[in-house]
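Worksheet: one structure, shown below.
FYI, it's all coordinate maths here, none of it is from the lab. Here the structure is a predicted model, which is why all the values come from computation and not from measurement. Here the Cβ positions follow ideal geometry from the backbone for every residue, glycine too, while neighbour counts run over all protein chains shown.
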Amino acid sequence: MKETDKNSSPKKPSPAKKAEVVIHAKGIKKAFGDKEVLKNITFDLEKGENMVVLGRSGQGKSVTIQCIVGMLKPDAGELTVFGENVAEMSDDDLKQLRIKIGFLFQSGALYDSMTVRENLEFPLTRVLKLTDQQDIDKRVEEALDSVGLLDAIDKLPSDLSGGMRKRVGLARTMIVKPEIMLYDEPTTGLDPITSREISELILNMQKKNKTSSIIITHDMECARITADRVVIMNDGEYIAEGSFKELQKSDNKIVRSFFSDTI
Ligand SMILES: Nc1ncnc2c1ncn2[C@@H]1O[C@H](COP(=O)(O)OP(=O)(O)O)[C@@H](O)[C@H]1O
Ligand SMILES: [Mg+2]
């Protein structure tokens with residue numbers, strides 16, 4: 001606290017509150033055969049924060065996410081989610097953990113034979129085990145409204161555009177109000193306008209639900225819109241970290257390769 005801060009009480013300076021860490025990773029390593037993919041991944045994701053990960057393809061960004069949800073086990077390093085060591089969790093613990101973590105896959109897969117309403121009911125009845133139909137209807141309508149697709153409630157995924165399907169996928173992931181969201185290339189394959197809509201929805205979800213998120217993307221507009229913090233992944237490590245604006249000014253050649261078209 002600054003001494004010149006006139007509004008603060010001189011008697012009881014409250015110590016700077018330490019942010020709550022929801023994911024802690026330190027020195028994570030992961031190899032497949034003799035191919036070292038993750039060499040030294042270290043980061044803390046704070047509650048309510050959007051962290052964007054930039055990196056060329058094949059760098060291990062998706063592998064990192066799979067380690068966080070316990071689908072892959074790191075060879076070395078510390079990895080805790082909500083303070084619990086993921087590698088030591090039982091299948092039941094992992095199930096519980098995955099309820100708190102929303103995972104938007106690259107494809108955002110919906111069930112093709114189910115209507116939009118049924119797709120959204122699925123996590124409520126199967127994961128949260130809700131039975132009160134009025135409550136279910138209300139949550140489905142709210143979630144669809146928040147992605148601007150209430151009109152599409154009785155349609156089949158095949159009746160929707162790629163961007164609309166992505167938005168429904170996002171609504172379906174968010175409907176259980178996960179505390180952490182992991183977005184793996186949420187705007188890949190979408191046109192610039194739809195990409196922007198998705199990026200803005202990601203930002204709205206963060207503000208509305210105080211969600212903590214990791215967003216893997218190549219889309220610099222998505223990074224600009226959503227990121228509180230950007231990390232650059234290269235050769236199995238994070239080599240740079242900062243706000244979008246800070247990294248835009250970087251002299252580092254690899255960082256520049258991402259940001260050179262954004263100014
Ligand atoms: N389950 C797996 N078994 C073997 N190799 C894998 C597996 N998952 C990922 N890899 C390899 O790890 C590397 C990083 O993959 P990935 O995390 O998908 O990269 P990206 O940064 O593009 O998301 C790639 O070379 C990929 O082939
Ligand atoms: Mg990937």
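Looking at the chain, which longest stretch skips every one of the GluC sites (Glu not before Pro) that is in a DSSP loop with at most 14 other Cβ atoms within 10 Å, leaving the sites themselves out? My reading of the result: 21-263 is the longest stretch.
7 Å from Cα along Cα→Cβ at both ALA76 and ARG224: what's the point-to-point distance in nm? Roughly 4.1 nm, to one decimal.
With neighbour counts taken as other beta-carbon atoms within 10 Å, the residues THR187, THR211, THR125, THR194 rank, fewest first, as THR125, THR194, THR211, THR187. Remark: spin-label model distance SER161-LYS249 equals 3.9 nm, labels positioned 7 Å along the Cα→Cβ axis. With the convex hull of the Cα atoms taken as the outline of the range 206-260, the averaged projected area works out to 4.0 nm². Helix-only arithmetic for the chain: the sum of -39500 (n - 2.57) across DSSP H runs with n ≥ 4, divided by the residue total, places the mean residue ellipticity at 222 nm at -10000 deg cm²/dmol.
Of TYR238, TYR111, TYR183, the sequence from fewest to most neighbouring Cβ atoms within 10 angstrom is TYR111, TYR238, TYR183.
Length available on full extension from ASP261 to ASN209: 0.36 nm per residue minus the Cα-Cα distance, which gives 15.5 nm. The mean sequence separation of alpha-carbon pairs under 8 Å and at least six residues apart, normalised by the residue count of the chain, gives a relative contact order of 24 percent.
Sequentially through the range 142-150, phi angles give Karplus couplings (6.51, -1.76, 1.60; θ = phi - 60°) of 4, 5, 5, 4, 5, 9, x, 10, 4 Hz, Gly and Pro residues having no value and appearing as x.
What are the lysines whose alpha-carbon lies under 17 Å from the alpha-carbon of LYS47, with same-chain residues fewer than 8 places away excluded? Once the sequence-local lysines are set aside, what remains near LYS47 is LYS17, LYS18, LYS100, LYS177, LYS207, LYS208, LYS210.
To the nearest ten degrees, helix 91-100 and the longest principal axis of the Cα atoms of the chain are 90 degrees apart. Count charges around ARG196 for me, please; just the other residues with Cβ under 11 Å from its Cβ, Lys/Arg as +1, Asp/Glu as -1. Result for the neighbourhood of ARG196: -4.
More than 14 Å apart: what percent of Cα pairs in the range 104-177 qualify?
Summing the P(r) tail past 14 Å for the range 104-177 gives 53 percent.
Summarising the strand pairing of the chain, around 55 percent of its internal DSSP beta bridges are antiparallel.
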